[in-house]
Amino acid sequence: MSDIRDEVAENFTEIYGYEPTGLWSAPGRVNLIGEHTDYNEGFVLPFAINRRTVLALGIRDDAVVRVGSSFADEAAEIALAELTPDALDGWSAYPLGVIWALGQFGADLAAVPGVDIYLESTVPVGAGLSSSAAIESSVAFALNEVWQLGLDRQTLAKVGQLAENKAVGAPTGIMDQSASLLGQADAAVFLDCRSLESAVVPLGLAAAGLEFLVIDTGVAHEHATGGYRARRDSCERGAAAMGVPSLRHLTVDDLERAREILDDETFRRVRHVVTEDQRVLETVRVLRESGPLAIGDLLDASHASMRDDFEISVPELDLAVETAQANGAIGARMTGGGFGGSAIALVPTDAISRIQVAIDGAFAEHGFGQPTMFVVTASNGANRE
Ligand code: ADP
Ligand code: MG
């Protein structure tokens with residue numbers, strides 16, 4: 001971590017010609033379980049990871065904002081008064097969208113001073129580990145401090161979500177930003193997406209001799225369009241046909257009736273969400289009562305449900321999951337929105353290299369591109385460096 005912080009500070013000074021006021025950071029996340037449940041007002045159980053966006057920030061004496069990153073040769077520049085979702089595009093829509101969204105949550109953008117921001121990230125982009133939320137949360141957290149807005153972490157998560165929904169145009173839920181802001185070391189964040197109540201659930205991985213292995217398939221996903229939107233629409237249709245405001249209001253006991261009144265595809269979408277909510281609750285209970293060695297079947301069942309009922313997996317994700325399971329993983333599943341990205345496997349420390357070799361071999365055998373694999377640890381949320 002220390003090298004990226006130095007790099008960010010140095011690049012800030014080089015680009016803007018003065019030293020930053022401070023450095024802030026926020027992590028990406030892995031979702032342990034609870035996929036496509038957040039926008040159905042259900043339950044999720046993500047954890048923040050030890051890969052972060054780090055930003056340097058300086059305060060200006062006018063009302064202009066500049067944001068720079070390694071993604072662009074030149075910083076994007078806009079007057080605070082001109083910030084609207086329509087004025088933004090490209091990567092800078094994430095940080096600038098957050099500034100606009102802070103205005104929607106009470107920041108007086110006509111009164112605050114302008115800022116210069118430069119950021120870099122160790123969260124791989126488009127891998128399903130939410131490099132987007134890492135940016136949003138770091139910017140929201142930093143500006144909340146320097147502009148003394150007094151917003152709490154839950155509210156900052158909503159700010160990030162609003163930016164992603166309106167300025168970027170990706171119809172994502174509240175999970176990623178919540179994990180990035182509320183995460184704690186060696187713990188997951190259990191979040192009720194209806195009440196937005198959250199609880200920290202200790203993972204106890206080290207004590208159990210376990211680690212999380214991320215397998216980034218390299219298959220890029222695209223959330224702003226396509227399948228993600230279609231799944232949201234199916235869920236809304238299913239809820240409306242069942243006469244409830246959201247799928248959160250259904251339980252497994254309602255599935256028989258759902259099968260009778262819904263078409264087969266919508267029924268399977270609904271079944272995934274309803275059973276996934278149940279699996280999140282089960283996972284929290286099992287973690288608290290028995291520890292992480294006992295959650296493998298729940299992870300495996302979650303993957304099967306996403307593959308067969310929600311149909312958001314791809315062959316690379318299925319192969320990663322199956323190969324991990326066959327080579328000693330406690331459990332494995334795709335993580336994130338789907339259609340590509342990463343899988344996670346919960347693995348005994350002494351089985352990690354065997355599993356990695358097996359996955360590399362299986363991908364080569366199937367003619368798939370080589371996956372990137374790395375261990376992640378559950379880490380703390382956004383902070384000042
Ligand atoms: P994910 O969140 O799964 O990584 P998204 O498509 O939601 O994927 O967000 C990725 C986008 O976030 C990138 O296309 C880019 O616009 C922006 N982004 C991520 N990391 C950086 C970075 N280090 N610098 C600039 N923009 C970034
Ligand atoms: Mg994202």
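So the values come out like this:
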{"quantity": "Residue 347 vs. criteria closer than 19 Å to residue 209 by Cβ and over 20 Å from the mean Cα position of the chain (by Cα)", "calculated": "yes"}
{"quantity": "Spans of strands (runs of 3 or more DSSP E) in the range 21-92 with at least 2 residues polar (S, T, N, Q)", "calculated": "22-33, 43-59"}
{"quantity": "Helices (runs of 4 or more DSSP H) contained entirely in the range 134-232, each with at least 1 residues that are within 14 Å of ligand 2 (Cβ to nearest atom) and in contact (Cβ under 8 Å) with a residue 60 or more places away in the chain", "calculated": "153-162, 175-182"}
{"quantity": "Subset of the range 310-343 (residues that are more than 16 Å from ligand 2 (Cβ to nearest atom) and open to solvent by less than 10 Å² (accessible area, probe 1.4 Å))", "calculated": "310, 317, 320, 321, 324, 331, 332, 333, 343"}
{"quantity": "Residues being within 10 Å of ligand 1 (Cβ to nearest atom) and either closer than 21 Å to residue 21 by Cβ or open to solvent by less than 10 Å² (accessible area, probe 1.4 Å) (or both) - total across the range 56-93", "calculated": "6"}
{"quantity": "Considering residues of the range 120-134 that are within 6 Å of ligand 1 (Cβ to nearest atom) and under 17 Å from residue 23 (Cα atoms) only, the residue most open to solvent (accessible area, probe 1.4 Å)", "calculated": "121"}
{"quantity": "Matching helices (runs of 4 or more DSSP H) fully within the range 248-309 where at least 1 residues are aliphatic (A, V, I, L, M) and within 30 Å of residue 348 (Cα to Cα)", "calculated": "264-289, 296-308"}
{"quantity": "Whichever residue in the range 363-383 is more than 25 Å from residue 136 (Cα to Cα) and open to solvent by less than 20 Å² (accessible area, probe 1.4 Å) and, among such residues, is farthest from the chain's Cα centre (by Cα)", "calculated": "363"}
{"quantity": "Any hit, the range 335-343, residues being more than 24 Å from residue 244 (Cβ to Cβ), part of a helix (DSSP H, G or I) and within 16 Å of ligand 1 (Cβ to nearest atom)", "calculated": "no"}
{"quantity": "Among residues of the range 151-170, those that are more than 13 Å from residue 100 (Cα to Cα) and either of a type in the set (Ser, Thr, Tyr) or surrounded by 18 or more Cβ atoms within 10 Å (Cβ to Cβ) (or both), counted", "calculated": "5"}
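The values are calculated or read from the model by the stated rules, or taken from the named source; none is laboratory data. Bear in mind that the values here come from a model prediction, so they are computed numbers and not experimental data. Because the Cβ atoms are built from the backbone with ideal geometry, glycine has one as well, and the counts that use them run over all protein chains shown. All accessible areas refer to the heavy atoms of the entire protein, side chains included, with ligands and DNA or RNA removed. Shrake-Rupley method; radii C 1.70, N 1.55, O 1.52, S 1.80 Å.
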